[in-house]
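Notes follow the structure.
The values are calculated or read from the model by the stated rules, or taken from the named source; none is laboratory data. Computed from a predicted model, the values in this text were never measured in an experiment. For neighbour counting, all protein chains shown are included, and Cβ atoms are generated from backbone atoms with ideal geometry for every residue, glycine included. All accessible areas refer to the heavy atoms of the entire protein, side chains included, with ligands and DNA or RNA removed. Shrake-Rupley method; radii C 1.70, N 1.55, O 1.52, S 1.80 Å.
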Amino acid sequence: MAPDPSRPGEPVPPILSLSDEDLMARAALDDTKAFTELVRRYQTRVVHLVSRLLNDREVSEDIAQEVFVRVHLHRRNYRTGSKFSTWLFTIAANLAKNEMRRRKRRRNWSSLDEMQETLKDASLQFADKKSNRQEDLEREQLSGVVGEAIATLPDRYRIALVLRDIEGLAYEEIGLALKIPGGTVRSRINRARLMLKRKLEPWLRRDDIG
Amino acid sequence: MISCERAQSLFGPGWDDELSVAERESLEQHFAGCLPCRRDYDELARTLELVQGLPRPQVSGDFATRVLAEARRREAEGGRGLLITRGWFAHPARLAIAAALVVAAGVSGLLVSSRPQGEAPRVAQQVTAPAPVVATQAPVATPPSTLASAGPVSPARSNATPTLARPERNRPAEVYGAIPDSLFDHTADVELVLDPVTLRKERGRGYTPVQTTVKGEQASITF
């Protein structure tokens, strides 16, 4: 068994059994396999996070790629002892926020009004057609509605909600990632949840959803 | 029984499973007598179930390979592209200003270091040099009375990055070597310009005057 580059003299444990932090320590020493394993572990979560923040599946993979490229370029700056996922999601949230700002500046982003209009139309469509209610609402359609509802939330609430309720980060981790106090994290998540509930009420009050 | 307002404030912690036993019991007791709150909580729970049930995207099979290839390409370019995409430096004009400041600081530093040994530093002229980062610090760091009596530049310091008018007294080189850099270390000031920090918009921290306890002619200073 070859020696572990991050722990000289010790045998290399199987890469799959290593923690994220151990993998990062190895990646900092230019261990390509360790870095690739980290990408493999988190690629879906990062793409999902970005696509939910931007509501744009097409560019989410490109931005997720940029997230991991940044991790690789800054691998020697990673502070041992800090949680890798928090660091990773901080980078992802920052890049997504940059993209949101860029879109707003360039006015390519579908306006909130437009989205809310779409949401309202879809809501009316389902609410009014009780007779045509489908037993099995297509999941894709419902996902689209939920995704759009999330996208209409103000940026700061959306980011907090996605990190908590989609990525499952702890409140403390979200505070670290967004550089905001714990109380602010809680209040943003709380408000985001209530706003989202209000937007989805037409679906929630139907008997066959849930 | 708790109020509706109190009950609603427990919805979030309830969903996150952060309620104490007593809080949970009081919430359930409230739900038993308040159907609107019960319905509100159910709707919140269903909302969050829908959010958590959103399908995860399929990532391309060669994603990791592409990431690595791109990272290596950027690394081969010396991380180029990384610096200019970050915050304040992302704007080309700002980057150009920062570069000009660095060059100006370097040039003025060279001018100072090329001063003949034994000649006292001429601060009065130097502070007007086109290097704001360095020049503006000089008067603060060196009172004029000290400068007037300044001796020759110590050989131990002459190889360091040139700085303006640090008070030099006739001390042996080893004494200077043992003195740690002060707050007025101009080398560090220049590094602030070079360091690719992300500048953020933030509320300024107001000036807080130092509280002193002075009574009559007595002052107590604690270290």
Test of understanding: among A:R57, A:R76, A:R103, A:R45, which residue is over 24 Å from B:V59 (Cα atoms) and either within 20 Å of the chain's Cα centre (by Cα) or modelled with pLDDT of 85 or more (or both)? A:R76
Determine if the stretch A:168-186 includes at least one residue that is under 13 Å from the mean Cα position of the chain (by Cα) and facing chain B (nearest Cβ under 10 Å). yes
How many residues, within the stretch A:150-182, are closer than 22 Å to A:S82 by Cβ and open to solvent by 20 Å² or more (accessible area, probe 1.4 Å)? 12
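A quick yes/no check of all residues on (1) hydroxyl-bearing (S, T, Y); (2) open to solvent by less than 20 Å² (accessible area, probe 1.4 Å); (3) closer than 21 Å to A:R205 by Cα:
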{"site": "B:C4", "(1), (2), (3)": "no, no, yes"}
{"site": "B:G12", "(1), (2), (3)": "no, yes, yes"}
{"site": "B:D17", "(1), (2), (3)": "no, no, no"}
{"site": "B:E23", "(1), (2), (3)": "no, no, no"}
{"site": "B:S26", "(1), (2), (3)": "yes, no, no"}
{"site": "B:Q29", "(1), (2), (3)": "no, no, no"}
{"site": "B:G33", "(1), (2), (3)": "no, no, yes"}
{"site": "B:R39", "(1), (2), (3)": "no, no, yes"}
{"site": "B:A45", "(1), (2), (3)": "no, yes, yes"}
Any chance the stretch B:89-101 includes a residue that's in contact with a Pro (Cβ under 9 Å, 6 or more places away or on another chain) and at pLDDT below 65? yes
Kindly provide the set of residues from the stretch B:15-36 that are in contact with a helix residue (DSSP H, G or I) (Cβ under 7 Å, 6 or more places away or on another chain) and within 13 Å of chain A (Cβ to nearest Cβ), ordered by number. B:W15
For A:V185, which of the numbered conditions (1) crowded, with 19+ Cβ neighbours inside 10 Å; (2) at pLDDT below 95; (3) not polar (S, T, N, Q) fails to hold? (2)
Exactly one of these conditions fails for B:T65: (1) more than 7 Å from chain A (Cβ to nearest Cβ); (2) modelled with pLDDT of 90 or more; (3) in contact with a Leu (Cβ under 6 Å, 6 or more places away or on another chain). Give me its number. (3)
Within the stretch A:147-210, helices (runs of 4 or more DSSP H) holding 2 or more residues that are of a type outside the set (A, V, I, L, M, F, W, C) and under 19 Å from B:L10 (Cβ atoms): A:182-204
Among the candidates A:G210, A:G147, residue that is surrounded by fewer than 21 Cβ atoms within 10 Å (Cβ to Cβ), more than 23 Å from A:N98 (Cα to Cα) and either within 11 Å of chain B (Cβ to nearest Cβ) or at pLDDT below 95 (or both): A:G210
Index of the failed condition, A:K129 passing every other in (1) at pLDDT 85 or above; (2) open to solvent by 60 Å² or more (accessible area, probe 1.4 Å): (1)
